[in-house]
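The values are calculated or read from the model by the stated rules, or taken from the named source; none is laboratory data. This is a predicted model, so every value here is computed, not measured. Glycine also receives a Cβ, built like all others from the backbone with ideal geometry; neighbour counts cover every protein chain displayed.
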Amino acid sequence: MSIMSYTGGTIVAMAGDECVCIASDLRIGEQMTTIATDQKKVHKVTDKVYVGLAGFQSDARTVLEKIMFRKNLYELRENRRIKPQVLSEMISNLAYQHRFGSYFTEPLVAGLDDTNKPYICCMDTIGCVSAPRDFVAVGTGQEYLLGVCEMESKVGRVYFILEDVLMGERRKDSEENLRMKSFIRIYSPSKTFLLPHFQTSVYSIIMLLGSDGSFSSKVYNNQ
């Protein structure tokens, strides 16, 4: 059993037209044993940037503290909000500094820049960045999620695609096949909506909307 899959966990992000959607499961456990069902794995960095940390959750907490410390120093020095591209480079440098004794966590960054252009990326334990324009996934369900996202992204809309993908992943990954109360959150600069009608879900979904983004935005196409 790899330490990366010991506590389980899956995070996926998808970019749309002036929006990004990032989702994660809420379970933490020791292999098939469940410890808690409200573990937060996606964290707010700024109003337009979120970071997800999959893997060993003790290391994830340490990495999050270091990320927030460096982010605060950056904003004090530069006197501006950090962009998702800058945050990804910052996390990559942090991970590479510990390459000989790496943290057992895979970070994922999702956000909007100053022009509300979506940016998503993920990286491995030593900070190698992968930044596709449409979707990324990390964690124990990564291989399954990437395949389903590739199929679904051609025909659907961001939020509903992630909803379907995560429900399928829950059935596929036996370690995360649980039922519990959860919520779906849609975030915009002016309001936060809680939609508690998916009571059998194990996931939280956060959606960042730009000025022209919408709940039904399609998957981003940069071509």
If you take the residues in segment 76-97 that are assigned to a helix (DSSP H, G or I), exposed (fewer than 15 other Cβ atoms within 10 Å of the Cβ) and of a type in the set (S, T, N, Q), which one is nearest to the chain's Cα centre (by Cα)? Asn93
Residue tally, condition within 15 Å of the chain's Cα centre (by Cα) and over 26 Å from Asp134 (Cα atoms), over segment 28-55: 1
Name every residue in segment 124-142 that is assigned to a strand (DSSP E or B), buried (at least 24 other Cβ atoms within 10 Å of the Cβ) and in contact with a helix residue (DSSP H, G or I) (Cβ under 6 Å, 6 or more places away or on another chain), in order of residue number. Phe135, Ala137
Checking Thr7 against (1) within 15 Å of the chain's Cα centre (by Cα); (2) surrounded by 20 or more Cβ atoms within 10 Å (Cβ to Cβ), which test does it fail? (1)
Pairs, please: C-beta under 6 Å, at least 6 apart or cross-chain, first residue free of Cβ contacts under 8 Å to residues at least 24 places away in the same chain and in segment 111-130, second small (Gly, Ala, Ser) and crowded, with 17+ Cβ neighbours inside 10 Å? none
Against the condition among the aromatic types (Phe, Trp, Tyr) and within 20 Å of Val129 (Cβ to Cβ), how does Tyr6 come out, does it pass? no
For residues that are of a type in the set (Ser, Thr, Tyr) and part of a strand (DSSP E or B), scanning just segment 7-51, find the one that is farthest from Arg81 (Cα to Cα). Thr33
Looking at the structure I just gave you, is Thr115 β-branched (Val, Ile, Thr), modelled with pLDDT of 90 or more and either assigned to a loop (DSSP other than H, G, I, E, B) or within 19 Å of Gly9 (Cβ to Cβ) (or both)? no
Quick check on my filter: what residues within segment 20-40 are of a type in the set (Ser, Thr, Tyr) and either exposed (fewer than 11 other Cβ atoms within 10 Å of the Cβ) or closer than 16 Å to Ala110 by Cβ (or both)? Ser24, Thr33
